[in-house]
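A short worksheet on the structure shown next.
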Amino acid sequence: MAIKKSISKTKYATTILVKCKTPPLSMEEVFSLVYFKSIDLAHKAKRFYDQVIRSNGISDSDWSKMTESLGLDRGSYYHMISKLRGIGLIEKREGTWVQTTHFRTWLEQMLRQVAAVEGYNAIITYSKRE
């Protein structure tokens, strides 16, 4: 039973290859680094992610509407979903794709770990953009 549990927890884990020489300065750059093999797919993934945020979720059953509005075939749509899910930007709750905070949490932890190796203490603060 324990083996089944550990497999199910890692079912959606993925390796993300990010190609960058400098840190991204915008969300568009984040998406272009994750989808570096297809800049067109990066723009469409950003549009999809923005739609998830604006509408507080997109039903998985609306995949055909989304493929049509984004101009994607079914395989590209699920590839895009897989990467967004893999890096922790979205997750499925009750059949709906919703925004998650896993990606931000992961980045915070990575920053703390890198700072600790360098002998620094990372203090992370947030404020609304004006």
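What are the pairs, 6+ residues apart or on separate chains, where a residue within the stretch 38-54 that is closer than 9 Å to residue 70 by Cα has its Cβ under 8 Å from a residue that is exposed (fewer than 13 other Cβ atoms within 10 Å of the Cβ) and at pLDDT 90 or above? What qualifies is 44/71. A count restricted to the stretch 31-61 and to residues that are closer than 23 Å to residue 101 by Cβ and acidic (Asp, Glu) stands at 2.
Considering the conditions (1) surrounded by 14 or more Cβ atoms within 10 Å (Cβ to Cβ); (2) hydrophobic (A, V, I, L, M, F, W, C); (3) assigned to a helix (DSSP H, G or I), residue 122 is excluded by exactly one of them, (3). Residue 83 passes every criterion in (1) in contact (Cβ under 8 Å) with a residue 40 or more places away in the chain; (2) in contact with a strand residue (DSSP E or B) (Cβ under 9 Å, 6 or more places away or on another chain); (3) part of a helix (DSSP H, G or I) apart from (2). Against the test of being touching a residue at least 12 places away in the same chain (Cβ under 8 Å) and at positive phi, the options 119, 95 yield a single qualifying residue, 95.
Consider the stretch 9-50 and keep the residues that are surrounded by 10 or more Cβ atoms within 10 Å (Cβ to Cβ) and β-branched (Val, Ile, Thr). The one that is modelled with the lowest pLDDT is 14. For the stretch 53-61, the criterion of being over 12 Å from the mean Cα position of the chain (by Cα), surrounded by 15 or more Cβ atoms within 10 Å (Cβ to Cβ) and modelled with pLDDT of 85 or more is met by at least one residue.
The values are calculated or read from the model by the stated rules, or taken from the named source; none is laboratory data. Owing to the predicted nature of the structure, the values given are computational and were not obtained by experimental measurement. Glycine gets a Cβ as well: all are built from the backbone with ideal geometry, and neighbour counts include every protein chain shown.
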